[in-house]
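Following: one structure in structure tokens, then a few remarks.
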């Protein structure tokens, strides 16, 4: 990573100058284990007379479409510094042969291994390979690392983890129609229907397009068939303990996947480092807050592990974290979690969170630490007394923002006050001194539920409240109990956050995180008798203040078009006590090196009424229009509509306004 230095020290060289010209070879063909089927890749080669290491990225997002535009700058940048780069379309996507597997299928790793075997054997490669990728690219990187191909020497996964079922498709083990079906589902369907944008007149490319149109089903149908808890998602999870290759994990506190990325770091058994910044689902050099020079970070990692150079990267603390709060800054730590203490608060006969009079015996503490929905027989030593009741409200959650859409950082957290007031609120007295949270807070909640109305989903938010009543989200946790119990332990997402003296800590409890999670069809009231909060804390001098140099100015790729136009609105229906959340994004014209131009847009809409969760509807529309170099205009449109019980989707392709393909799909949706 970029060399860490104490705050105030003079900066070192944040960048290595370009040393080589770059040759780009489009659409190289990589053999696979299936006779006659090849993978398509774009190759970035430094012009040099000696073999060089290879950096690999494998994606389903089409190298002739969005993936290629995003990869152009890093592909050339690394090649200018002596690394070959290979951007590969997964089987059945883009210009690769074969039929598309279900998303997150373990077979994706075999494509990456085929690319590693091929690349490492080329005359321009010295036999050492690194692999990296953002989002889905992080998943293919981690999956391939777990297969341990011998040529793979180091990896960098950014902003995703090991369990795509729990993290992406059914977040926290609950249905999440907004992202998986309405957003990702329509995006992937548009790319499936889109014609080839490289060698588009060739017979082979036309055959691949016809196969995608007529013999490939949308990935969203697989999501619909396999609901939360389906065994298939465990089969598609990645074993972190099998990853022994050196791994640099990079994630963002404001991303949809901070916990999955940190969990990956915790489980990886090889040499590893962790960087967590204040970022959403975006590459660190393009972040709105505290962007860093990711390319130089990566270069130091590659130079150390692929070239054996003494960059000092492994002499530095393994964990670098951005501390949020009134004085945000970077600090380096010797371990994760970095906490060196804890703050414990609990309710008694009211909803005020206070320090307990005395710590429980160690044996009791050990029991409490393992309380969960899997332990329904655990005894509660306190008498059952109701201190708060939650009336189900399917509209709670929209003020959290919408992490995980993959549309940058435009939809950030708002003041949580209005959502708080629709939840159970438990709050501390003003803190006498500042508190730095460092790790995963957890909440143990004791409920007094009727036997026929057990809790179905618990959403816990931890916020800080200032003297004016503004509620700032610190972190959140969700638990979908697998069995009824009296007590549930909800582990919240990791964070490093400073709470100033005089602020109150607030815990809210509900069953809703709308529109991120689909409303429960038959929610129940929650009767709270006790709540305990444990916050891992850091001393003010824990870790070492450091700086990560900001990114240098990076030229915008030619013909990349204007930045995306984004819109996010939340509309509350005061008459019916409902809410509607609308999101839209659009890009301008983007050019390809074969003379085509394309533009794309997508919109999402989710609505529900408080007293009618079965009225919830989630919709998505994704559109791409390509003006081919030969003059014709091809448009692809995908539409998805989800109710609580059914999915309806459609896809359409037109050429110069004439419909040449249209199809609809339907599937039941369950819980």
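The values are calculated or read from the model by the stated rules, or taken from the named source; none is laboratory data. Predicted model only: the values in this text are computed from it and were never measured. Glycine gets a Cβ as well: all are built from the backbone with ideal geometry, and neighbour counts include every protein chain shown.
Per-structure values
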| read-out | value |
| --- | --- |
| Unique match (being outside the structural domain of residue 645 (by TED's automatic domain parsing), in contact with a helix residue (DSSP H, G or I) (Cβ under 6 Å, 6 or more places away or on another chain) and modelled with pLDDT under 95) among 521, 551, 451, 484 | 551 |
| Test for residue 172: is it touching a strand residue (DSSP E or B) at 6+ places or on another chain (Cβ under 9 Å), within 19 Å of residue 258 (Cα to Cα) and part of a helix (DSSP H, G or I) | yes |
| Options 612, 582; residue that is under 23 Å from residue 399 (Cα atoms) and out of contact with any strand residue (DSSP E or B) (no Cβ under 7 Å at 6 or more places or on another chain) | 612 |
| Any hit, segment 588-595, residues being in a strand (DSSP E or B) and free of Cβ contacts under 8 Å to residues at least 24 places away in the same chain | no |
| Tally, over segment 283-329, of residues that are part of a strand (DSSP E or B) and more than 22 Å from residue 268 (Cβ to Cβ) | 3 |
| Residue in segment 264-273 that is in a strand (DSSP E or B) and under 21 Å from the mean Cα position of the chain (by Cα) present | yes |
| Members of segment 395-435 that are in a helix (DSSP H, G or I), out of contact with any helix residue (DSSP H, G or I) (no Cβ under 6 Å at 6 or more places or on another chain) and modelled with pLDDT under 95 | 398, 400 |
| Segment 647-671: number of residues that are in a strand (DSSP E or B) and surrounded by 13 or more Cβ atoms within 10 Å (Cβ to Cβ) | 13 |
| Neighbours by Cβ (under 8 Å, 6+ apart or cross-chain): first from segment 142-169, free of Cβ contacts under 8 Å to residues at least 60 places away in the same chain and not assigned by TED's automatic domain parsing to the domain that holds residue 186; second in a strand (DSSP E or B) and buried (at least 24 other Cβ atoms within 10 Å of the Cβ) | 149/129; 151/129 |
| Whichever residue in segment 39-52 is touching a residue at least 60 places away in the same chain (Cβ under 8 Å) and buried (at least 24 other Cβ atoms within 10 Å of the Cβ) and, among such residues, is nearest to residue 593 (Cα to Cα) | 41 |
| Positions within segment 413-452 being closer than 21 Å to residue 395 by Cα, touching a residue at least 40 places away in the same chain (Cβ under 8 Å) and over 24 Å from the mean Cα position of the chain (by Cα), in sequence order | 417, 420, 422, 423, 424, 425, 426 |
| Answer from 85, 12, 36 - the residue that is touching a helix residue (DSSP H, G or I) at 6+ places or on another chain (Cβ under 6 Å) and either modelled with pLDDT of 95 or more or surrounded by fewer than 22 Cβ atoms within 10 Å (Cβ to Cβ) (or both) | 85 |
| Residue check for residue 344: over 23 Å from the mean Cα position of the chain (by Cα) and under 30 Å from residue 528 (Cβ atoms) | yes |
| Some residue of segment 243-254 being part of a helix (DSSP H, G or I), over 13 Å from residue 103 (Cα atoms) and touching a residue at least 24 places away in the same chain (Cβ under 8 Å) | no |
| Residue identified as within 17 Å of the chain's Cα centre (by Cα) and touching a residue at least 60 places away in the same chain (Cβ under 8 Å) among 260, 291, 278 | 260 |
| Conditions (1) out of contact with any helix residue (DSSP H, G or I) (no Cβ under 9 Å at 6 or more places or on another chain); (2) assigned to a loop (DSSP other than H, G, I, E, B); (3) more than 28 Å from residue 334 (Cα to Cα); number of the one not met by residue 540 | (3) |
| Criterion violated by residue 454 - all others in (1) surrounded by 21 or more Cβ atoms within 10 Å (Cβ to Cβ); (2) within 24 Å of residue 176 (Cα to Cα) satisfied | (1) |
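Residue-wise test of (1) closer than 24 Å to residue 584 by Cα; (2) at pLDDT 95 or above.
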{"position": "139", "(1), (2)": "no, yes"}
{"position": "146", "(1), (2)": "no, yes"}
{"position": "152", "(1), (2)": "no, yes"}
{"position": "158", "(1), (2)": "no, yes"}
{"position": "161", "(1), (2)": "no, no"}
{"position": "164", "(1), (2)": "no, no"}
{"position": "190", "(1), (2)": "yes, yes"}
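Conditions tested, residue by residue: (1) assigned to a strand (DSSP E or B); (2) crowded, with 21+ Cβ neighbours inside 10 Å; (3) in contact with a strand residue (DSSP E or B) (Cβ under 9 Å, 6 or more places away or on another chain).
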{"site": "190", "(1), (2), (3)": "no, yes, yes"}
{"site": "197", "(1), (2), (3)": "no, yes, yes"}
{"site": "207", "(1), (2), (3)": "no, no, no"}
{"site": "211", "(1), (2), (3)": "no, no, no"}
{"site": "221", "(1), (2), (3)": "no, no, yes"}
{"site": "224", "(1), (2), (3)": "no, yes, yes"}
{"site": "229", "(1), (2), (3)": "no, no, no"}
{"site": "256", "(1), (2), (3)": "no, yes, yes"}
{"site": "261", "(1), (2), (3)": "no, yes, yes"}
